[in-house]
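One structure below.
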Amino acid sequence: MRRFLTLSLTICAALGLPMGPAAAQQTGGILKFFHRDSPASMSIHEEATISTVAPMMGVFNNLVLFKQDEKQNRPKFIEPELAESWSWDEDHTRLTFKLRQGVKWHDGKPFTAADVKCTWDMLLGKSQDKLRLNPRKAWYRNLEDIAPEGDRAVTFVLKRSQPAFLMLLASGMSPVYPCHVNSRDMRTRPYRTLGPSNSPNSSRTNTSGW
């Protein structure tokens with residue numbers, strides 16, 4: 001292992017390649033990496049396998065997400081992303097999210113509760129914009145409605161108690177899509193969110209919001 005590291009550093013120095021933290025902070029360019037498959041599209045909501053989720057999780061954001069450096073997905077490892085916080089009512093039939101302020105889609109349009117509603121109305125088959133495929137529609141059979149409360153809060157209304165519903169939203173297969181972009185375009189030119197600083201350097205990945 002030590003010989004490999006020494007050889008790698010020597011090659012980088014000989015070729016004049018940047019090393020260390022300075023290289024990691026560079027933005028822009030094209031990232032190429034090996035993939036075991038050729039995904040049918042870049043739309044996580046329309047694809048059923050890890051072949052799309054693995055490369056595209058770094059593009060999209062969820063309301064909440066399992067902590068990515070933990071070995072197991074557990075409720076205690078759920079962290080906020082596009083949401084600042086969340087709370088249940090006493091019956092565990094209403095799950096309310098307070099959303100981050102100052103978040104924009106990368107075309108400059110603001111992220112609001114309407115985007116959350118549009119996404120899950122589409123998954124429920126209630127919107128005019130239809131998914132070509134909807135492999136996880138069954139996940140949301142217990143979801144009655146998505147109720148925005150202004151631009152900065154939204155409530156998921158369930159038909160019956162389902163405390164584990166939050167875990168569905170924290171999976172890598174539950175990103176929020178923009179309301180102003182149709183599902184057809186999300187297959188080939190997906191839109192991402194940027195945090196209040198509009199700087200992708202502060203993100204959990206190089207292409208996401210914080």
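The values are calculated or read from the model by the stated rules, or taken from the named source; none is laboratory data. Predicted model only: the values in this text are computed from it and were never measured. Please note: Cβ atoms are built from the backbone with ideal geometry, for glycine as well, and neighbour counts cover all protein chains shown. Remember, those area values only see protein heavy atoms, side chains included, never the ligands or the DNA or RNA. Shrake-Rupley method; radii C 1.70, N 1.55, O 1.52, S 1.80 Å.
Just checking: which of the strands (runs of 3 or more DSSP E) contained wholly in the stretch 56-97 hold 2 or more residues that are open to solvent by less than 30 Å² (accessible area, probe 1.4 Å), touching a residue at least 12 places away in the same chain (Cβ under 8 Å) and under 30 Å from Arg189 (Cα atoms)? First the steps, then the outcome.
Details: elements: 64-66, 78-80, 83-88.
The qualifying strands (runs of 3 or more DSSP E) are 64-66.
Of the residues examined, His106 is not one that is surrounded by 14 or more Cβ atoms within 10 Å (Cβ to Cβ), of a type outside the set (Lys, Arg) and on the phi > 0 side of the Ramachandran plot.
Every residue, every condition in (1) in a loop (DSSP other than H, G, I, E, B); (2) closer than 20 Å to Glu46 by Cα; (3) modelled with pLDDT under 95; (4) touching a Leu at 6+ places or on another chain (Cβ under 7 Å), yes or no:
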position	(1), (2), (3), (4)
Gly150	yes, no, no, no
Pro163	yes, no, yes, no
Met167	no, yes, no, no
Val181	yes, yes, no, no
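Looking at Thr155, Thr188 in this structure, which one is under 30 Å from Gln72 (Cα atoms) and of a type in the set (S, T, N, Q)?
Working: Thr188 fails: under 30 Å from Gln72 (Cα atoms).
Selected residue: Thr155, the only one of Thr155, Thr188 that is under 30 Å from Gln72 (Cα atoms) and of a type in the set (S, T, N, Q).
Selection of first residues in the stretch 121-132 that are within 11 Å of His45 (Cβ to Cβ) and of second residues that are charged (D, E, K, R) and in a loop (DSSP other than H, G, I, E, B), restricted to Cβ pairs under 7 Å at least 6 apart or on distinct chains, gives the following pairs, ordered by first then second residue: Met122/Asp129.
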